[in-house]
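Take a look at the structure below.
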Amino acid sequence: MRLSEQARVHRQVSYLTDAADRMDRVQRQLATNRRIDRASDDPSGAALAMQYRKSIAFEAQMRRNLENGTAFLNVTEAALSGATDLLQRVRELTVQAANDTLGVSERQNIAAEVNQVIEQLAQVANTSFGGVYIFSGHKTTTPAYAVGGTPPAAITWQGDNGERLRRVSTRDVVPVNIIGHQVFGNLFDRLIQLRDALQSGAPGAQVRPYIADIDSGLERVLNARAEVGARLNRFEATTSRSLETDTNLQELRAGVEDIDIAETIVRFTAAQNALEAALGAIGRTANLSLLNFLR
Amino acid sequence: MALSIGLDTAVKALRAHQLAVDVAAHNIANAQTPGFSRQRVLLRPIGLEGAAWSARDSLLGKPGFGVDARDVQRIRDAFMDYQARQALSSRGQRSAFAAPLRNAETIFNDPSDDGISALLARFWAAWHDVVNEPESSAARTALVHATQTFTLRLQAAQSELDLQRRNLNQLVSSAADEINACAREIAALNLQIKQVELNGDRANDLRDRRDVLLDKLSEVASVQYSEAQTGEVTVYLGSHELVFGATARTIVAGPDPGDPTMTKLTWQNDGFDVVASGGKLKGILDARDQALPDLQRKLDAFAVGLINGVNTLHRQGYGLDNSTGLDFLQGTGAGDIRLNPVLAANPHRIATAAAPNSPGDASIALQIASLELRPNMVAGAPATHLVTGETLSPGVTLVGLQVAQGLQPGTYTIVENPPSSGTLELQYDGNPIGTYNSANISAPGGTIQFTSGSNVVATLYVAVTGTYTDAQQVADLTAPGNNAIRVEVAPGDFYGNLVSVLGADVNRALGMEQSAGLLVDHLDAMRQATHGVNIDEEVTNLQAAQHAYNAAARVITVIDDMLDTLINRTGVTR
């Protein structure tokens, strides 16, 4: 084929720009560490990358939900643990008072101690965490129990049975709160009655029935603690599963979006060689002309 | 034969070869001039036809009268020009189309850490944080901010797409200017060429200029042209004559009466619309009137889907102050989506609870946050990817499932509604993603769910033709004689699909631009092979002409010697 001057120049320019363009692209990939800079670089890869990114963000939020839930459960557990101690103490006192050998003043001393337990237990039931009364169901801005009078004459439930739900995985929506009324039941009423009975020097026979009430209260608290413990375990397991998922997703995302450094460097070297070769070839042929051989 | 004839022959030779040198010089001078066609002296021997009839007999068997070099021919292949111009039109169209699409892609800037999909993820995350602590004003304020950032970004994307379209108006106007300028110059050249060639001369350089203009015109708008006997070309744009003889028609750019923000081209003489079938103009108009509006419609559908989905739930909920019935989002599309200003000013009024007086209840907020996972957006509606009116008879291949980007080949199983008979193959991007014998396809109202693990990633509805809103869904799906499908996907997938379909479009447009460019280069090289100047060749011609010139001069010397012999020596004795 005849090769005109313009075609020759045009071709040389396009060889050079093509080679430089290829090198530039590889160079950009190396600099950004990304294989997909915009969706058109690899549309189906970009679709996958967006899926992975979305899932990564979702999993991160699930872990945030779990973390927040774990903190809530830990506070709940601490409160219930305190309730356990208090109930065990009041049980000891009641067992002691059930003994007929105690005199009136001793009973009144016990009554004072029971009153302390009542007040502390009410504080436990009204535990708040970040301004939220954790045992109040959905009425979280209201204390779970209203304490009337000093010493308390009546402690009334003001919460509801609302569950504090959150999502912890694509499948699971779980409650984190424990409903105060379901744990404490009629404990406050009974303890107040017990205190008043002791205060008036009631004999052992009248004190003894309260032990059963305290025991069933203790059982409810322990059940609640078991539930909280189970939830904490599940949260931990879910968290570690989410972390595993995250690792997998990050790998998948990197596999689609990021460059393989070794491979890209090899491609960069190849592109560089190609550009150098093109430059060299043009340099050598540019001066080839019949004129060089004519006098 | 007289010696003077020999001298005459030699003089003709001198002139001819001098002309050859001049032509070589002209060629060399224009070696880099765009559109220049190399020229060649057409040498012809002058035979007996040059002599008078009376002398013919005596000249038989004698040499002729030398060389005739009057004609300087222009080397040009009209067919190659025709092919090259078609390729130029195609390249013009492809590159004009690809550029705005590529800009649109930059507007979306996804996949990235700060694109719309990242902001959408932050929007959902902010809802989750409110679910975690519905009483917390910090979480609510954060939700206000996340929502505002997200909606402002959507608004910006939509208005940038608008801007893109308006910018293309300027290109439409300048394409009109270019067409008019080319047409006027071609008309003027037509006249000059006709006049020059009427005298029997060659209008080589004028024709070169006209060919350059036809190239340029073809790149702007696909034109047809034909050359008349007189050397004039008639140029057609669509069904209208753009240039006829020395007359050029004008096209005018003005506001489109249908949409005054858009520029429209019409013919000045009869007011008809200019129809561009190729070239830059077509690419610009395709991008401005189809690709970009399609993208804007999808973005609107995405915004409307979100607005409806969130508001439907939010209106049922109660804020910390027991306010209820409020919309969370306002607006009619991506261009004006915004957080309800009442909520922006009073985050405690954001409805999170299902009942009044329940500050710790976040069940409504949880449902809103869970919209992220629910296939609740009609993918593609009302844009092109919704398959409507397609008869779902067994064995039919359904296209249009590319809307559900989660649907990668082989990853999903199909549950629910097994078909009574036949098979239905679903495709993703041309590849089957599964043939299944399930789904009671003939029964309208059925659904087919695509699951990944235990998550529903898309729901296919067997439905009526037409477009749907969410509310219409059930009613329409169960109406008799309905046989279209629609695909619903989660919001993130809807947006992801929008981006990756755009990416594929850009990718395709760039590929077509590149291959059109390669074709132009190839055909240009082929054209150049015919009409381009090669310096070595011209230098060789120069050498040849110089040799011939020298030899002709030599002939004169020889004849001069002969005359000298004849005049000064003949008859001189001693």
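Rule-based calculations on the coordinates, nothing more; no lab input. Computed from a predicted structure; not experimentally measured. A quick note on method: Cβ atoms are made from the backbone with ideal geometry, for glycine too, and the neighbour counts reach across all protein chains shown.
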Q) If you count, for each residue, the other Cβ atoms within 10 Å and average over each peptide, how do B:551-562, B:96-107, A:199-210 line up from highest to lowest? A) B:96-107, A:199-210, B:551-562
(Q) Residue by residue through region B:154-162, what is 3J(HN,Hα) from phi via Karplus (6.51 cos²θ - 1.76 cosθ + 1.60, θ = phi - 60°)? Round to whole Hz and write x for glycine and proline. (A) 4, 4, 4, 4, 5, 6, 5, 5, 4
Q) What 222 nm value per residue comes from the helices of chain A, counting each DSSP H run with n ≥ 4 as -39,500 (n - 2.57) and dividing by all residues, nearest 500 deg cm²/dmol? A) -24500 deg cm²/dmol
Q: Under 25 Å Cα to Cα from B:Lys62, which lysines show up? Leave out anything in the same chain fewer than 8 places away.
A: B:Lys12
Q.
Only four residue types carry charge here, +1 at the Cβ of Lys and Arg and -1 at the Cβ of Asp and Glu. Report the dipole size of chain A about the Cα centre in Debye, rounded to the nearest 20.
A. 1500
Q: Scan around A:Thr142 for amide H atoms under 5 Å from its own, H built in the peptide plane at 1.01 Å from N, and keep only partners 5 or more places away or cross-chain.
A: A:Tyr133
Q. Which distance in nm do the two modelled labels at B:Leu3 and B:Thr247 give, with both placed 7 Å along the Cα-to-Cβ direction?
A. 6.5
Q.
Can you classify region B:203-267 as rounded, prolate or oblate using the Cα gyration tensor, where a ≥ b ≥ c are the square roots of its eigenvalues, rounded means a/c under 1.5, and otherwise it's prolate if a/b beats b/c and oblate if not?
A. prolate
Q) Angle, helix A:209-257 long axis vs. longest principal axis of chain A, Cα atoms, 0 to 90°, nearest 10? A) 0
Q. Under a point-charge model restricted to the Cβ atoms of Lys and Arg (+1) and Asp and Glu (-1), what is the dipole moment magnitude of region A:24-133 relative to its Cα centre, in debye to the nearest 20?
A. 940
Q: Pull up the cross-link candidates among the lysines for B:Lys216, meaning alpha carbon to alpha carbon under 26 Å and not fewer than 8 places away within one chain.
A: B:Lys194, B:Lys264, B:Lys280, B:Lys282
Q. Counting only residues 5 or more places away or on other chains, whose amide H sits under 5 Å from the amide H of B:Gln330 once H atoms are built in the peptide plane?
A. B:Arg338, B:Leu339, B:Asn340
Q. Can you list the residues, at least 5 places off or on another chain, whose amide H is less than 5 Å from the amide H of B:Asp110, using H built in the peptide plane?
A. A:Ala39
Q. Order of A:His138, A:His181, B:His522 from fewest to most other C-beta atoms within 10 Å?
A. B:His522, A:His181, A:His138
Q | Using θ = phi - 60° and Karplus 6.51 cos²θ - 1.76 cosθ + 1.60, couplings along region B:95-110 (whole Hz; Gly, Pro as x) | A | 6, 5, 7, 5, 4, x, 5, 5, 4, 4, 4, 5, 4, 6, 6, 10
Q.
Taking each pair of distinct Cα atoms in region A:66-166 once, what is the resulting Kirkwood hydrodynamic radius in Å?
A. 15.2
Q: Could you state the angle between the C-alpha long axis of helix A:5-32 and the longest principal axis of the C-alpha atoms of chain A, as a value from 0 to 90 degrees rounded to the nearest 10?
A: 20
Q. Per the Kirkwood treatment, what hydrodynamic radius in Å, one decimal, follows for region B:141-209 from the mean inverse distance over all distinct Cα pairs?
A. 16.7
Q: Within a 10 angstrom radius of each residue's Cβ in A:128-141, how many Cβ atoms of other chains show up on average? Whole number is fine.
A: 4
Q: Work out the charge dipole of region A:54-188 with +1 on the Cβ of Lys and Arg and -1 on the Cβ of Asp and Glu about the Cα centre, then indicate which of A:Ala60, A:Asn177, A:Leu93 is farthest towards its positive end.
A: A:Ala60
**Q.** Over region A:50-252, volume per residue of the alpha carbon convex hull, in Å³
**A.** 102
(Q) What whole-number distance in Å separates the alpha-carbon centres of region A:119-198 and region A:245-270? (A) 53
Q. When only alpha-carbon atoms count, how far does region A:147-295 stretch along each of its three principal axes, as whole angstroms with the largest first?
A. 139, 27, 23
Q) Could you give me the ³J(HN,Hα) list for region B:519-527, computed from phi with Karplus coefficients 6.51, -1.76, 1.60 and θ = phi - 60°, whole Hz, x at Gly and Pro? A) 5, 4, 4, 4, 5, 5, 5, 5, 4
